[in-house]
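Report on the structure given below.
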Amino acid sequence: MNQPLRLVFAGTPEFAVPCLDACRASGAEVVAVYTQPDRPAGRGRKLAPSPVKQAALAAGIAVEQPESLKSADVQQALAAYRPDLLVVVAYGLILPRKVLAIPRLGCWNVHASLLPRWRGAAPIQRAILAGDTESGVDLMQMEAGLDTGPVLLQRRTPISRDDTGGSLHDRLSALGAEVLAEGLRRTLAGETLIATSQPEVGVSYAHKLDKAEAKLDFSRPATELERQVRAFDPWPVAEGVIAGEPLRIWAAQAIALDHHGAPGSVLAAGRDGIDLACGDGALRVTALQRAGGRRIGAIDYLNARPELRQRP
């Protein structure tokens, strides 16, 4: 191409920052960044810029923060940037059909799942909750439906039993930047990427996380509760009651154990952790947090509640 590719980037959270960096490093001209309006954050609830806005300002890129992309004025402002391509990564706003039609090459989306599984808002946590053994990122050509567009490129990664929502988030964020960089490199070289339609079977939706989902129900199997703890680290963090005290549960593992304990009762407590009775097996809690406190290991918690150690 004689003229540099004019690119507009739309993204909001930390997940999207490596993709913005990939756009800047690609040789394309990033003419503007769209991100959600500043939101209250922290204990003081002061307005805070998104991670993507901070990165854009540091790079000297124009930033736009419309509440919506539905108005004609907002759409005209976007069209005035004359983008060849719009790259969308965890932006958080719906793109109307008129916006999808503005860039010459359309709109790309980096999505953190192996589509059509886990379309929607929380694919990383839903994959862990469901016990998936694999995840990945798709570079997708956007269309009007929710994450329904054809896939251009893909990267895969296994989900290990040690993975949390945070660790898988960080790995997929890096993979997303890799797959986007490849797509931009090949496009800038004059190649037209092959768009592969998503299968009609295997569609599932990753609904937005709700804090109410964080409560552990000990009548369920321990394996499910372990996945819940892992998926909700670092947010919203699993919550459970141990010997009458409500706690945040940061780390736990399911153990195969035959018992006759009531769900949630303490079966044993010691250096290895606190074993709680579940509908099937037991959940061994190894890291937790008291109200108003910080994350601590189970052994430190037992030092504060020595009566629990008396259990077999």
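Of all the strands (runs of 3 or more DSSP E) wholly in region 197-291, which have at least 1 residues that are outside the structural domain of residue 132 (by TED's automatic domain parsing) and of a type in the set (D, E, K, R)?
Numbers: elements: 238-242, 245-255, 266-270, 273-277, 282-289.
By residue number, 238-242, 245-255, 273-277, 282-289.
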Discussion item. Of everything in region 31-77, what is touching a strand residue (DSSP E or B) at 6+ places or on another chain (Cβ under 9 Å), closer than 15 Å to residue 98 by Cβ and assigned to a helix (DSSP H, G or I)? Give them in sequence order.
Written reply: 74, 77
Worksheet item: Of the residues in region 254-312, how many are over 15 Å from residue 240 (Cβ atoms), of a type in the set (Lys, Arg) and at pLDDT below 95?
Response: 3
Worksheet entry | Residue list for region 78-108, filter: in a loop (DSSP other than H, G, I, E, B), within 21 Å of residue 181 (Cα to Cα) and either modelled with pLDDT under 95 or touching a Pro at 6+ places or on another chain (Cβ under 8 Å) (or both) | 83, 84, 90, 103, 104
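One line per residue, one yes/no per condition, for (1) of a type in the set (D, E, K, R); (2) more than 19 Å from residue 6 (Cβ to Cβ); (3) assigned by TED's automatic domain parsing to the domain that holds residue 170; (4) over 20 Å from the mean Cα position of the chain (by Cα):
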| position | (1), (2), (3), (4) |
| --- | --- |
| 33 | no, no, yes, yes |
| 36 | no, yes, yes, no |
| 39 | yes, yes, yes, no |
| 43 | yes, yes, yes, yes |
| 61 | no, no, yes, yes |
| 65 | no, yes, yes, yes |
| 86 | no, no, yes, yes |
Worksheet item: Assuming residue 157 fulfils every condition listed in (1) under 17 Å from the mean Cα position of the chain (by Cα); (2) of a type outside the set (D, E, K, R); (3) not assigned by TED's automatic domain parsing to the domain that holds residue 84 apart from one, which condition is it?
Response: (3)
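Applying the selection to region 127-151, what residues are of a type outside the set (Ser, Thr, Tyr) and in a strand (DSSP E or B)? Write out each step before concluding.
Here is the first cut: in region 127-151, the ones of a type outside the set (Ser, Thr, Tyr) are 127-132, 134, 136-147, 149-151.
Scanning region 127-151 gives 134, 136, 137, 138, 139, 140, 141, 151.
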Worksheet, complete the sentence: Taking region 1-29 and keeping only residues that are farther than 21 Å from residue 104 by Cα and of a type outside the set (A, V, I, L, M), one is left with 12, 13, 14, 15, 18, 21
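Conditions tested, residue by residue: (1) in contact with a His (Cβ under 8 Å, 6 or more places away or on another chain); (2) without any contact (Cβ under 8 Å) to a residue 24 or more places away in the chain; (3) surrounded by 16 or more Cβ atoms within 10 Å (Cβ to Cβ).
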| site | (1), (2), (3) |
| --- | --- |
| 254 | no, no, yes |
| 258 | no, yes, no |
| 264 | no, no, yes |
| 267 | yes, no, yes |
| 286 | no, no, yes |
| 291 | no, no, no |
| 295 | no, no, no |
| 302 | no, no, yes |
Discussion item. Need pairs with beta-carbon distance below 7 Å; first residue assigned to a loop (DSSP other than H, G, I, E, B) and within region 169-194, second modelled with pLDDT of 95 or more; sequence gap 6+ or separate chains.
Written reply: 193/152; 193/153; 193/183; 193/186; 193/187
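The values are calculated or read from the model by the stated rules, or taken from the named source; none is laboratory data. Only a predicted model underlies this, so the values are computations on that prediction, with no experimental measurement involved. No Cβ is skipped: glycine too gets one built from the backbone with ideal geometry, and neighbour counts run over all protein chains shown.
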